[in-house]
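Here's the structure, in structure tokens; my notes come after.
The values are calculated or read from the model by the stated rules, or taken from the named source; none is laboratory data. Since the model is a prediction, treat every value here as computed from it, not as a measurement. Glycine also receives a Cβ, built like all others from the backbone with ideal geometry; neighbour counts cover every protein chain displayed. Areas reflect the complete protein model, heavy atoms only, side chains present, ligands, DNA and RNA absent. Shrake-Rupley method; radii C 1.70, N 1.55, O 1.52, S 1.80 Å.
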Amino acid sequence: MSIESLEHIMRNRLRMVLRHTWFVAVIATLVVIGAAWAAFYVTTESEHLRIAATPADAKFVQALSEQLAQGRRNLHLKSLAVAGSQEAADAIRDGKADLAILPSPTDDTLKAPVVAILRQNVMALIVPAPASGKKGKKSAKIEKIDQLAGRRVGIVSGNEASPDLLRRVLDHYGVPAGKVKVSEIEPKNLAEAIKNKEVDVLFVAGPATGAAISDTVKAASRNAEAPSFIAIDQADGIAKRNPAFDSIDIDAGTFGGTPPTPDDSLKSLSFAEYLVARKSVSDSTIASLARTIYSSRQALAAAMRGEIKIEAPSTDKDADVVAHPGALAYLNDSQQSFFDRYGDDIFYGMLLFPIVGSALAGLAGYLRRDTRTRRLRLLQRVLDLVRKAHAAQTLEALEQLQVEADNLVIAIVHQGEREEFDETVRMSFAFALDQLRFAIAGRRTAILDRAGDDRAGDGAEGATAKPPGAKAPDQAAAA
């Protein structure tokens, strides 16, 4: 099939459809309604967000998922287990996760916007209580960070403590990392490591009232004697040099225990734990998530006592962290509903719909007029042939008219197949073709009759005519 034939077929099909203006209007209305419903369905259908979280944060993900389910929001979380915060940062940067729970010092090059601040973590350098039970004997030996050179520091695993955090503190105090023996100890092995004197100091980080620090303090207490703590007395300077940290004074007894720990106010560093999202996640989705988080912050805190204290990030333009536009919309009460977001489009669409409808109606009318014009032209050609048939003088002229009539019948049949003539049009063509057929037949008979009369007249004239010089019968007899 050639391109011209295909174009011809498509044009004819379009004309057939547009012949019924009311049908086109109904279809167009249904299309507009269907498009509006499809847009509403797409914007309100259930979404699944992948969240990268360490085992320590898995409980929070579960609690948040339950709050989403209770609110019957069409938003679901799918947990992506990662070993540590750096792996979580890599997952969201590489597009493997949509959300991630990250401490502020993790990967400074990461620019993921913040949805919420889940808690504030603090650092604790804990010196285990001496086995002898003589208070202060061992703590007097390690009271400052610059005394950690040549010491053994055990980093408690399963919390926010990491070699990188410890190195940042040591570098600020000028303690060479190579002179500090660092090892990682699982929480269940703490008591044994302390008993065997495998470590001199324990390093742990997490919520000040969380289980990580409290359990470490308990493990470091011996013979009813509480451990001692090494203050990060230059916390203000570190915080000024690195915006990821903040200086904090930990009140006496914050870590719990008996006797309460610390026994006096303790200077240390704190850093935030963020829930961040990829920039590509839609603002409306993050706004729905933020609404659930902030409206159920008490329930989330109750589900994880001492571990979660949700705060909103700063909405100032010069803030150290960038809030996600979706969370910002919720916090500023500028969250838009479906009709807020698409109301203008629907309004202008309703304004354009009559124009489009009028254009379709005009096109349909034009095509109808074009079709009527072609029908009239065919009918006029038939009538013209009728006149020519009446005026034909020879059989050759009639034969030529018959050929034209045959071609015209073929054209009428093809036109009828494309446009589906109604009964009135078919009767008009049938009547005109009958007239043409009768005209050709009648004219042919008349020409043949005239030709016969001419031949008969010529024979009679030849029989009565006398040749020159011939004599009359009487004269011939006399002679």
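Kindly check whether there is at least one residue in region 115-130 that is open to solvent by 20 Å² or more (accessible area, probe 1.4 Å), modelled with pLDDT under 95 and in a loop (DSSP other than H, G, I, E, B).
No, every residue in region 115-130 fails to be open to solvent by 20 Å² or more (accessible area, probe 1.4 Å), modelled with pLDDT under 95 and in a loop (DSSP other than H, G, I, E, B).
Would you mind telling me which numbered condition in (1) at pLDDT 90 or above; (2) within 30 Å of ILE213 (Cβ to Cβ); (3) part of a loop (DSSP other than H, G, I, E, B) LYS96 fails?
Exception for LYS96: condition (2).
If you go through region 289-306 one residue at a time, how many are outside any loop (DSSP other than H, G, I, E, B) and either among the aliphatic types (A, V, I, L, M) or closer than 17 Å to LYS59 by Cα (or both)? Break it down into steps so the answer makes sense when it comes.
Of region 289-306, the ones outside any loop (DSSP other than H, G, I, E, B) are 289-295, 297-303.
With either among the aliphatic types (A, V, I, L, M) or closer than 17 Å to LYS59 by Cα (or both) added as a condition, the list becomes 289-290, 292-293, 297-303.
So the answer is 11.
Can you report the number of residues in region 145-166 which are touching a helix residue (DSSP H, G or I) at 6+ places or on another chain (Cβ under 9 Å), open to solvent by 60 Å² or more (accessible area, probe 1.4 Å) and either of a type outside the set (Gly, Ala, Ser) or more than 28 Å from ALA83 (Cα to Cα) (or both)?
Residues that pass the stated criteria total 4.
Residues that are at pLDDT 70 or above and open to solvent by 60 Å² or more (accessible area, probe 1.4 Å), at least 2 per element: which helices (runs of 4 or more DSSP H) completely within region 316-426 meet that?
Details: elements: 325-331, 338-391, 395-419.
Qualifying helices (runs of 4 or more DSSP H): 338-391, 395-419.
Condition test on ALA301, is it small (Gly, Ala, Ser), at pLDDT 90 or above and surrounded by fewer than 19 Cβ atoms within 10 Å (Cβ to Cβ)?
Taking the combined requirement at face value, the residue satisfies it.
Could you grab the pairs with beta carbons closer than 7 Å, sequence gap of 6+ or different chains, first residue in region 433-457 and assigned to a helix (DSSP H, G or I), second one open to solvent by 90 Å² or more (accessible area, probe 1.4 Å)?
ALA439/HIS390; ARG443/HIS390
Under the condition of being touching a helix residue (DSSP H, G or I) at 6+ places or on another chain (Cβ under 9 Å) and within 23 Å of GLN147 (Cα to Cα), which residue from region 263-275 is most open to solvent (accessible area, probe 1.4 Å)?
First, pick out the residues of region 263-275 that are touching a helix residue (DSSP H, G or I) at 6+ places or on another chain (Cβ under 9 Å): 267-271, 273, 275.
Next cut, within 23 Å of GLN147 (Cα to Cα) only: 267-270.
Values: LYS267: 50, SER268: 2, LEU269: 1, SER270: 9 Å².
Ranking the candidates gives LYS267 first.
When you scan region 203-215, do you find a residue that is open to solvent by less than 70 Å² (accessible area, probe 1.4 Å), closer than 30 Å to GLU311 by Cβ, in contact with a Leu (Cβ under 9 Å, 6 or more places away or on another chain) and not aromatic (Phe, Trp, Tyr), even just one?
Within region 203-215 (the criterion being open to solvent by less than 70 Å² (accessible area, probe 1.4 Å), closer than 30 Å to GLU311 by Cβ, in contact with a Leu (Cβ under 9 Å, 6 or more places away or on another chain) and not aromatic (Phe, Trp, Tyr)), the answer is yes, since at least one residue qualifies.
Determine whether region 167-177 contains at least one residue that is open to solvent by less than 60 Å² (accessible area, probe 1.4 Å), touching a Pro at 6+ places or on another chain (Cβ under 9 Å), assigned to a loop (DSSP other than H, G, I, E, B) and modelled with pLDDT under 95.
no
Considering only residues that are hydroxyl-bearing (Ser, Thr, Tyr) and either touching a Phe, Trp or Tyr at 6+ places or on another chain (Cβ under 8 Å) or more than 30 Å from ALA323 (Cβ to Cβ) (or both), which ones fall in region 269-287? Can you show your working first?
Filtering region 269-287 down to residues hydroxyl-bearing (Ser, Thr, Tyr) leaves 270, 274, 280, 282, 284-285.
Once the filter is applied, which keeps residues that are hydroxyl-bearing (Ser, Thr, Tyr) and either touching a Phe, Trp or Tyr at 6+ places or on another chain (Cβ under 8 Å) or more than 30 Å from ALA323 (Cβ to Cβ) (or both), region 269-287 yields only SER270.
Only residues in region 194-218 that are touching a residue at least 60 places away in the same chain (Cβ under 8 Å) count as the first member; pair them with residues that are among the acidic types (Asp, Glu), Cβ under 7 angstrom, at least 6 apart or cross-chain, and list the lot.
Partner pairs satisfying both residue conditions: ALA205/GLU160; GLY206/GLU160; PRO207/GLU307; GLY210/GLU307.
Can you say whether PRO243 is without any contact (Cβ under 8 Å) to a residue 60 or more places away in the chain and over 15 Å from MET123 (Cβ atoms), as far as the supplied structure shows?
Answer is no for this residue.
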